[in-house]
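Please read the structure below before turning to the comments.
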There are 2 protein chains.
Amino acid sequence: MAYQLYYWPTIPGRGEFVRLALEYAGADYVDVAREPDGAGFGMQAMNELLEGEDAHAPFAVPCLRDGDVTVGQTAAILMYLGPRLGLVASDEAIRLWTHQLQLTIADAVVEAHDTHHPISSNLYYEDQRTEAMQRAADFRATRMPLFLNWFERVLVRNPAGGHWLAGSDISYADLSLFQFVSGLRYAFPRRAAQVLADTPRVNALCASIATHPRLAAYLASARRLPFSEEGIFRHYPELDEPDS
Amino acid sequence: MAYQLYYWPTIPGRGEFVRLALEYAGADYVDVAREPDGAGFGMQAMNELLEGEDAHAPFAVPCLRDGDVTVGQTAAILMYLGPRLGLVASDEAIRLWTHQLQLTIADAVVEAHDTHHPISSNLYYEDQRTEAMQRAADFRATRMPLFLNWFERVLVRNPAGGHWLAGSDISYADLSLFQFVSGLRYAFPRRAAQVLADTPRVNALCASIATHPRLAAYLASARRLPFSEEGIFRHYPELDEPDS
């Protein structure tokens, strides 16, 4: 039976980390809320999941259903899918490490989001623009390089070689790092290029993923939702200006 | 061999979520950075972990070492410890659900922290006090009730009874919810009391944990670090004022 992915239908957001794993693996899945409303489909079905009676209904989407199993939280979904999609090593220690990498990407994603919404997700960007400029300055100056340099170090230290983050093969964490870096390049083109100039292994990992045949086909398809000023990674030029 | 917990020695912080599990279970552990500097102990040992050559050195503490295994990320540490400490169900579906609950608590903890540091963790609170008052107002009005009401709903819907979050016995997620609620009561005594008046099952869970003999002894001991204005949960009265 096809996996059912529940996520907002108009933004890549956190759902995209799950989609990339499903697409890379060529898995059979339904992007539930992007289907027309109907029995088990559409936004209606997503609202029913979040407000319904499932004892394991998550706090927020993305959420995955696989038969009777309901899994929320992006990193937990990927931990669940990893072995099923062949996107994590079989070694238990490497599996745990892969999950930690994913959780660190999740932390970085929150910080990237909060550059444009430092006060409240319930307010418009325009109503917190001044504060966003302050938070973005800190993200550009300290947090973005801290995260990217740490992932570079993870690659350098991988005892199985410096090509992938964990073990000797690609994992869902590599796909998520690709998505995180893609988001940074969209939101902060100037600063991301500067920082990534010092992380050659992160760059090589991302370039390698982008040219994988099945993933390249996905990225060129209409299934790949574009970044925009409604998602996690938003390009507001003033948030990428040189630090004064 | 004793577990080795690495965390900042002067604040409860994220380390406390791990400590509570270890203490509740009566596990043998060393709080590494609270020991005097020496071979494998003290802040020196923690710095060596973070800056040293361990291929699985985490982005940040807390971090747990168990023999050859190094695990970072609070939720991953607790997922690792759960079965070893008898603090998670044996059923795989409930284990995954328990981990999701922990990840949701982790999300809530970030938001509680950012009420006093909405712009940058590299700046003093006093330098972002105005912005903190705005973010805290949103947290009090919308986010705190959203999270606590969701956990109440999880308790109500638990098919094994509404006493614990996942399954029929206490898990590490219950201990973490206790800590989260304790932090809210410290940081936002006025508003937390209001919201918790509507979440009787969350209250009962916390009260039950506080009276567990081994945990009560720990909470009364010097090992339990007090909340303060240096940690995640900080009491600044202006951040708990009634919404105007």
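The values are calculated or read from the model by the stated rules, or taken from the named source; none is laboratory data. Owing to the predicted nature of the structure, the values given are computational and were not obtained by experimental measurement. Quick reminder, even Gly has a Cβ in these numbers, built from the backbone with ideal geometry, and neighbours come from all protein chains shown. Only protein heavy atoms, including side chains, enter the accessible area calculation; ligands, DNA and RNA are left aside. Shrake-Rupley method; radii C 1.70, N 1.55, O 1.52, S 1.80 Å.
Let me spell it out: the conditions are (1) at pLDDT 95 or above; (2) open to solvent by 20 Å² or more (accessible area, probe 1.4 Å); (3) farther than 17 Å from residue A:95 by Cβ; (4) more than 10 Å from chain A (Cβ to nearest Cβ), and residue B:18 meets all of them except one. Which number is the exception?
Going through (1) at pLDDT 95 or above; (2) open to solvent by 20 Å² or more (accessible area, probe 1.4 Å); (3) farther than 17 Å from residue A:95 by Cβ; (4) more than 10 Å from chain A (Cβ to nearest Cβ) one by one, residue B:18 breaks only (2).
Can you confirm whether residue B:91 is more than 30 Å from residue A:157 (Cα to Cα) and open to solvent by 50 Å² or more (accessible area, probe 1.4 Å)?
So residue B:91 passes the test.
If I filter the range B:166-177 for residues that are modelled with pLDDT under 95 and over 18 Å from the mean Cα position of the chain (by Cα), do I get at least one hit?
No, because not a single residue in the range B:166-177 is modelled with pLDDT under 95 and over 18 Å from the mean Cα position of the chain (by Cα).
Kindly establish whether residue A:62 is of a type outside the set (Gly, Ala, Ser), touching a helix residue (DSSP H, G or I) at 6+ places or on another chain (Cβ under 9 Å) and surrounded by fewer than 15 Cβ atoms within 10 Å (Cβ to Cβ).
Judged against the criteria, residue A:62 is not a match.
Where the second residue is of a type in the set (S, T, N, Q) and the first is more than 17 Å from residue B:115 (Cα to Cα) and lies in the range B:174-197, which pairs have Cβ atoms under 7 Å and are six or more apart or on separate chains?
B:176/B:102; B:196/B:203
Would the range A:35-45 turn up any residue that is charged (D, E, K, R), touching a strand residue (DSSP E or B) at 6+ places or on another chain (Cβ under 9 Å) and open to solvent by less than 50 Å² (accessible area, probe 1.4 Å)?
No.
Of (1) facing another protein chain (nearest Cβ under 10 Å); (2) over 14 Å from the mean Cα position of the chain (by Cα); (3) touching a residue at least 60 places away in the same chain (Cβ under 8 Å), residue A:108 satisfies all except one. Which?
(2)
Consider residue B:69 against the criteria (1) under 18 Å from residue B:99 (Cβ atoms); (2) away from every other protein chain (no Cβ under 14 Å): it satisfies all of them except one. Which criterion is unmet?
So residue B:69 meets the others, but not (2).
Do we have residue B:120 as open to solvent by less than 30 Å² (accessible area, probe 1.4 Å) and over 25 Å from residue A:63 (Cβ atoms) here?
Answer is yes for this residue.
Is it fair to say residue A:76 is open to solvent by less than 10 Å² (accessible area, probe 1.4 Å), at pLDDT 95 or above and facing chain B (nearest Cβ under 7 Å)?
Yes, satisfied.
As an exercise: evaluate residue A:113 against (1) under 22 Å from residue B:143 (Cβ atoms); (2) facing chain B (nearest Cβ under 10 Å) and give the number of the one condition it does not meet.
(2)
Out of all the residues in the range A:46-59, which are more than 13 Å from residue B:154 (Cβ to Cβ) and open to solvent by 50 Å² or more (accessible area, probe 1.4 Å)?
Matches in the range A:46-59: A:47, A:48, A:51.
May I ask you to list the residues in the range B:152-182 that are in contact with a helix residue (DSSP H, G or I) (Cβ under 8 Å, 6 or more places away or on another chain), hydrophobic (A, V, I, L, M, F, W, C) and farther than 25 Å from residue B:226 by Cα?
Within the range B:152-182, B:154, B:155, B:156, B:164, B:165, B:166 meet the criteria.
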